[in-house]
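Each reported figure results from applying straightforward, stated rules to the coordinates on display, with no laboratory input. This structure is a prediction, so every number in the text was calculated from the model and none was measured. Here Cβ is always computed from backbone atoms with ideal geometry, including for glycine, and neighbour counts include all displayed protein chains.
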Amino acid sequence: MVRERGISTSAIIGIVVVILVIAIAGAYLATRGGGAPATTTASPSTTTTAPATTTTTTTTVAPPKGTLIVAMGTDASTLDPQDATDNPSEMVNRIIYEGLVEFDQNLNIKPMLAESWDIKDNGTTYVFHLRKGVFFQDGTPFDAYAVKTNFDRVLNSTLKLQRYSLYAPIISSVEVIDNYTVAFHLKMPFGAFLNDLAHGAGLIISPTLINSGKDVKTNPVGTGPYMLQEWVKGDHITLVANPNYWNKTAAPKFEKIIIKVVADDKARENLLKTGDVDLVLRIPPVDVASLNGTGNIITRAYPTSRVIYIAMNLMNQKFQDVRVRQAFNYAVDKEAIINSILNGLGKPATSPLASSTYGYCYAGYYKYNVTLAKELLKEAGWWDRDGDGYVENANGQKLEVNLWTPQGRYVGDYQMAQAVQSYLNAIGVKVNLQVWEWTSYLNEVRKPYNQSQNKELFLMGWAPSTGEGDWVLRPLLASWMWAPAGSNYGYYNNTQVDELIQKQMVTLGQDRLNAMCQAQKIVYNDAPWIFMVEMYDTLGMKSNVKGVVYLPIEIVMLKYAYSG
Amino acid sequence: MLLIPTLLGASIIIFLMIHFLPGDPAQILAGPDATLQDIQNMRIRLGLDKPLPVQYFLFMERLLTWNLGNSLVSGFPITSLIVPRFLNTLKLALLAISISLAIGIVLGIVAALKRNTTVDRIVMIFALLGVSMPVFLLAVLLIVIFSIKLHILPATVIGSTPSIRHLVLPSLTLGLIGAAPIARMTRSSMIEALSQEYIKTSEAFGFSIRKIILVYALRNALIPVVTVAGLNFGYLLAGAVITETVFAYPGLGRLIVDSIFARDYPVVQFGLMMIVALFAVVNTVVDVLYALINPRVRLE
């Protein structure tokens, strides 16, 4: 350093102190003053601080009190049920809105805004008798016109709502018969119609809101027990008790529900331990047992309708022979994967459908059997001809496959793919494992077959949002649903299965179940996938949180929760 | 000023980078069970069917008129997403850098004065730990101690605006980690400054030891420290994503990372532009500080 001349009197420590004072004062002021968050205020009349107890003290109903704080991994993307395709949105929507019918915890259909219904004209007309005395959160009465306004909206193709494609192929028109009777006329008999109405897209929006032209996705108004107070995008959603909720026996028990977005699994778990939150979605399987009973924390695991599978690109020569595909299934020890990777939270898939999905029937089980797997490969012409540990065909070509997987999309996805890699290695198949970021992955697996030469084995998961088998078999296995048109990413094509899928769509009751069951068995024997596991989902909560209902379609029903 | 070309260049790079990422926002938004038509409709709705240069000029137009439009994914106005997040990040960054400077400079001076003693070694071990410890580890340690065991500080922000209490643990995490390089830098440049001849001269003049250390030596030692702190502050403003994730803190970094995964192009673009602009401003401020600390540095 060069010598310094001209020593000034301003002490350097002064600079340091000034920096500190400015910084701390700045931080303090910023905390106190500016920085009002971006919020969406639902109804201007809702007061934020005054306890919401005064208005609800009717005869016997206990006033709502306290706050339920819930942590989930991803924020809702829209509070417009007819435009929502993701679970976090549906979970919030199911607190604010109600549908004509609702799922119970076994995915049976129960009445909600409709008290009863009649099915007429060979299943092409559904007449719903609506509940009286129900009001939306904005005071609009609920009636047949409200129902018609809702379905006219989702069926309006110019609005380009995401759930247009769920209803448009089925519903031809909605007719108001009288104030409290409404008829749905279908284009064909459709076995899964009530499930489609119990679906998150069937939640009923206030017709006043729809007609106002306001943005539904940020200004939701339903008939549900809680209403939106504030949505700080990416951070939290605050719901407050609806003081005028129609169903006094299921009146809201909490003054507020705050849903906080906490992306990291460990961070969510920590917040439960610190007591900052009451209920946490998706505890990593490895911690479920150890966390249960720590302090006042309990954990729960629930079977879901999600099946994890490893699809094969059936347009690829390597997977033409059904014996090869079956060999791959026999080579993988599903039970070991469940025990070591999922800590026992799962069960082997015995059909393309999970056992909690309506229409499931046991189709078979490729129980782990290396000998059998090797025999099947040998019958198909693949065995280790040169003694290098890998199988070859008559031309000396090795059986080498790409296995693609996302990481973090499904619990244990990457670890499962790793396990499959070593299981296939054990029968002499060389596997190149490749991990993808989810968005790029989706883009890649959705490509048409003539652009998918490198796609060979790829891990996917599917949970039907309608809770029934049509929404597994049709999008995943019908030949007209080949990617990119649908989600049949492995280009499975079986005429018999196509016919059965069409049959189950237009039949009801036992006929429909039989058709679905037959389809499942054929698919299982065709082995277009390595059938992996039925996933479980997990919750962690304080022991005083009661009344949380878990639907196997991976939806947590928070509206019935209470503190006890 | 180099500010304008820097920002222009950054805008082009940022725009191209996000568009060159594989993956299609329309596909994500349309959901897993979308048909091809659903996806195409979504693409038109989002304006992604237009050619890239057109999209770039639209982006610049919106930036220059500060009419940022809405998020592709959530439909929220982008200003309402970015501005509060940015203020949250600013609070955190200011507190963290203050903690870093206070701890780092004091420890650095002490270590330099007690050079090669036990005190010096303890300080340097602390600094080494700080430099090598991953930020998430320190964050989790602090949560375990203060939130889970002692129950005296919250581990996250529940509700609208973070208060000082909510800021303590995340800013301490970032501040302690940031203090380490500052302590090391202060120590070495203090040692160098103290060995200069003018210090001996000052001693000969009979100035007090305190004045010599805090005024003459520290002043010369501060230049590299300010450089390090300025860079660190810039990074903190860009969003301490990992810290924000562990504490579920509503800061800018998390917003941008979430938006990248969702391919929410405009939020990523405007968020990054904001960071670039701030980085440039912080650099300018650091240059001004150089001149304040050492008058021989002249601003052009």
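Short to long, the 20 Å bins of the Cα pair-distance histogram for chain A hold 19, 46, 26, 8, 1, 0 percent of all pairs. Rounded to 0.05, the FRET efficiency of the residue B:163 and residue A:362 pair, given R0 = 56 Å and the Cβ-Cβ distance, is 0.50. Shape annotation for segment B:3-64: C-alpha extents along the principal axes are 46, 19, 15 Å, from largest to smallest.
Each Lys or Arg adds one and each Asp or Glu takes one away; over the other residues whose Cβ falls under 14 Å from the Cβ of residue B:123, this sums to +4. Modelled spin labels at residue A:340 and residue A:159, positioned 7 Å past Cα toward Cβ, are 5.2 nm from each other. Over the residues of chain A, the helix contribution to mean residue ellipticity at 222 nm works out to -8500 deg cm²/dmol, using -39500 (n - 2.57) for each DSSP H run of at least 4.
Residue by residue, segment A:283-297 carries 3J(HN,Hα) couplings of 8, x, x, 5, 9, 4, 6, 5, 7, 5, x, 6, x, 9, 9 Hz when phi is fed to the Karplus relation 6.51 cos²θ - 1.76 cosθ + 1.60 (θ = phi - 60°); x denotes Gly or Pro.
For the options B:154, B:51, B:250, a Gaussian network treatment of chain B with springs between C-alpha atoms closer than 10 Å singles out B:51 as fluctuating the most. Two tests apply to each whole DSSP H helix in chain A, Cα reach of 27 Å or more along its axis and mean Kyte-Doolittle hydropathy of at least -1.0, and the ones passing both are A:12-32. Using C-alpha pairs below 8 Å separated by at least 6 residues, the relative contact order for chain A is 18 percent.
Inter-label distance, residue A:120 to residue A:514: 2.9 nm, where each label sits 7 Å from its Cα along the C-beta direction.
State the antiparallel share, in %, of DSSP beta bridges confined to the protein assembly as shown, rounding to the nearest 5. So the antiparallel bridges in the protein assembly as shown amount to around 75 percent. Taking each residue as 0.36 nm, the span from residue B:133 to residue B:204 lengthens on full extension beyond its C-alpha to C-alpha distance by 21.2 nm. Scaling the Cα radius of gyration of segment A:289-406 by the globular reference 2.2 N^0.38 Å produces a ratio of 1.38.
3J(HN,Hα) along segment B:70-86: 10, 5, 5, 7, 9, x, 6, x, 5, 4, 6, 7, 7, 4, x, 4, 5 Hz, from the Karplus curve 6.51 cos²θ - 1.76 cosθ + 1.60 with θ = phi - 60°, whole Hz, x for Gly and Pro.
In terms of the Cα gyration tensor, with a ≥ b ≥ c the square roots of its eigenvalues, is segment B:155-287 rounded because a/c is under 1.5, prolate because a/b exceeds b/c, or oblate? Because a/c hits 1.5 or more and a/b exceeds b/c, segment B:155-287 counts as prolate.
Available extension along the chain between residue A:402 and residue A:502 is 32.7 nm, counting 0.36 nm per residue and deducting the alpha carbon span.
Using the Cβ-Cβ distance between residue B:277 and residue B:106 with R0 set to 22 Å, the FRET efficiency from 1/(1 + (r/R0)^6) comes to roughly 0.10. Placing a pseudo-label 7 Å from each Cα along the Cα-to-Cβ vector at residue B:60 and residue A:375 gives an inter-label distance of 7.1 nm.
Can you give the FRET efficiency to the nearest 0.05 for residue B:6 and residue A:248, using r as the Cβ-Cβ distance and R₀ = 56 Å? Intermediate results must be reported in sequence, preceding the final value.
Numbers: r = 64 Å, r/R0 = 1.14.
The computed FRET efficiency comes out at 0.30.
A cut-off of 5 Å between modelled amide H atoms, ignoring neighbours fewer than 5 places along the same chain, links residue A:236 with A:261.
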